[in-house]
Amino acid sequence: MKATGRMIIDSPPGAELAMPSSPDLKDFDQRQLIDFLASLGQPAFRGRQVMAWLYRYGIDSPAQMTDLAKSCRELLAANAVISRFDDPIAQKSRDGSVKFGFRLDDGHLIESVLIPEEDRNTLCISSQVGCAMGCAFCLTAKIGFIRNLRPAEIVNQVCAVRDYLVEQPQNSLIGPDRVTNLVFMGMGEPLNNLSHVVTAISILTEQRGFDLTGRRITVSTCGIVPKMRELGERCAANLAVSLHAVDDRLRDRLMPVNRRYPVAELLAACRSYPMPKRRRIMFEYLMLKGVNDSEDDARSLAVKLRGIPCKINLLPFNECQDSPYVCSDMDAILRFQKILLAAHYSVFIRQSRGGDIAAACGQLAGQL
């Protein structure tokens, strides 16, 4: 389903998916794999074995699952498929970031971005093709909503980048030779594809899957209030909220979702969010010159967030062609930060990465 210019608050789950001819084993978390193998007359431990083969060893055929009985391998070959992303388009930034383009079976393109640092590799992944939310500053919004991604299409982004890192010469790597952190901040609104995002997170945190902890996975939302509590109840990932303004009139203009779920309702959902102990919500705040970067804006933000365990990420805007917005001056960003620090918040200024290859925040538009 292609966008018609209106904002879709909640896309119908599964209605737009491009489904494979047979069940894709990577669409199943471990519990679902066990159930699927049981439907083929196989014991529960077979599902756990298959999970390990899919993600620990990265195989792409049941024939490679050498500790399964031949009859079981034949059953899987006859009744299921194993998808993978082959030959991704990769563009490398001057700062070492890598943007990946993955062509889906129906021809659509999604993007992921690897952001390497000395002690970690953070992968920014997509949850939808395009996005329905219509944020005024985001290039992905110009695509509109096309469809949700299946769990396999989410997880295969991680599989493909894992394989890419393994293939690189060790002396060429900035960070580790594996993906260590994940952020659902690529194309799409994750909470509008919540069921499949949660299944993907289950695979990513499963010991026989990618064995990541919830602390190393962050899900970002523009503020789909009814789905926020469900996210916190169904998985242990971190929550990031794209805020960008605390004045309703301004946020209405920047982020149409605010017309449905205004600032007070969004922040109330943040206050009641079921967070694990010692975790904090990350509020993301885009710095737009002359729009939301005044000292009064900073003071208003400090008041509005009072009582919410949180960190604040100030994001210098990544300027792009045809955008009416420009990035705040660094002096203005530092003044903004100083006011928030004085109000006893943890405040960080995010270093923009990958801007020279249109891989920075808000620049993913399927144009590799």
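The values are calculated or read from the model by the stated rules, or taken from the named source; none is laboratory data. Values in this document were obtained by computation on a predicted structure and should not be read as measured data. Virtual Cβ from ideal backbone geometry, glycine too; neighbours counted across all protein chains shown.
Worth a mention:
- Residue match in segment 116-126 (condition: part of a helix (DSSP H, G or I) and buried (at least 18 other Cβ atoms within 10 Å of the Cβ)): no
- Within segment 36-68, tally of residues that are in a helix (DSSP H, G or I) and not aromatic (Phe, Trp, Tyr): 15
- Residues located in segment 326-351, provided they are closer than 16 Å to Val291 by Cβ and within 24 Å of the chain's Cα centre (by Cα): Cys327
- Evaluation of Asp211 against (1) loosely packed, with under 15 Cβ neighbours inside 10 Å; (2) part of a loop (DSSP other than H, G, I, E, B); (3) at negative phi (one fails), failing number: (3)
- For Leu33: the one exception among (1) free of Cβ contacts under 8 Å to residues at least 60 places away in the same chain; (2) over 24 Å from the mean Cα position of the chain (by Cα): (2)
Residues are listed down the side, and each one gets a yes or a no for (1) at pLDDT below 95; (2) closer than 29 Å to Ser112 by Cα:
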position	(1), (2)
Leu301	no, no
Leu305	no, no
Met330	no, yes
Arg335	no, no
Phe348	no, yes
Gln351	yes, yes
Gly355	yes, yes
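- Residue that is assigned by TED's automatic domain parsing to the domain that holds Arg94, farther than 25 Å from Ser97 by Cα and of a type in the set (A, V, I, L, M, F, W, C), where the choices are Ala141, Ala132, Ala160, Ala152: Ala132
- Scanning segment 87-113 for residues that are without any contact (Cβ under 8 Å) to a residue 60 or more places away in the chain and assigned to a loop (DSSP other than H, G, I, E, B) returns Asp87, Gly107.
- Pick from segment 307-321, criterion among the hydrophobic types (A, V, I, L, M, F, W, C) and touching a strand residue (DSSP E or B) at 6+ places or on another chain (Cβ under 9 Å), ranking: farthest from Pro276 (Cα to Cα): Phe317
- Residue within segment 270-278 that is among the small types (Gly, Ala, Ser) and either in contact (Cβ under 8 Å) with a residue 40 or more places away in the chain or outside any helix (DSSP H, G or I) (or both) present: yes
- Some residue of segment 214-233 being within 11 Å of the chain's Cα centre (by Cα), crowded, with 23+ Cβ neighbours inside 10 Å and not in a helix (DSSP H, G or I): yes
- Yes/no for Asn192 being in contact (Cβ under 8 Å) with a residue 40 or more places away in the chain, under 25 Å from Asp252 (Cβ atoms), touching a strand residue (DSSP E or B) at 6+ places or on another chain (Cβ under 9 Å) and not in a loop (DSSP other than H, G, I, E, B): yes
- Condition met for Asp163 (of a type in the set (Asp, Glu), over 24 Å from Arg271 (Cα atoms) and either part of a strand (DSSP E or B) or touching a residue at least 12 places away in the same chain (Cβ under 8 Å) (or both)): yes
- Residue within segment 282-295 that is at pLDDT below 95, more than 24 Å from the chain's Cα centre (by Cα) and part of a loop (DSSP other than H, G, I, E, B) present: no
- Selected residue (criterion: surrounded by the fewest Cβ atoms within 10 Å (Cβ to Cβ)) from residues of segment 80-94 that are in contact with a Gly (Cβ under 7 Å, 6 or more places away or on another chain) and either at pLDDT 90 or above or of a type outside the set (S, T, N, Q) (or both): Ile89
- Residue in segment 303-310 that is surrounded by 15 or more Cβ atoms within 10 Å (Cβ to Cβ), more than 17 Å from Cys135 (Cβ to Cβ), among the β-branched types (Val, Ile, Thr) and more than 20 Å from the chain's Cα centre (by Cα) present: yes
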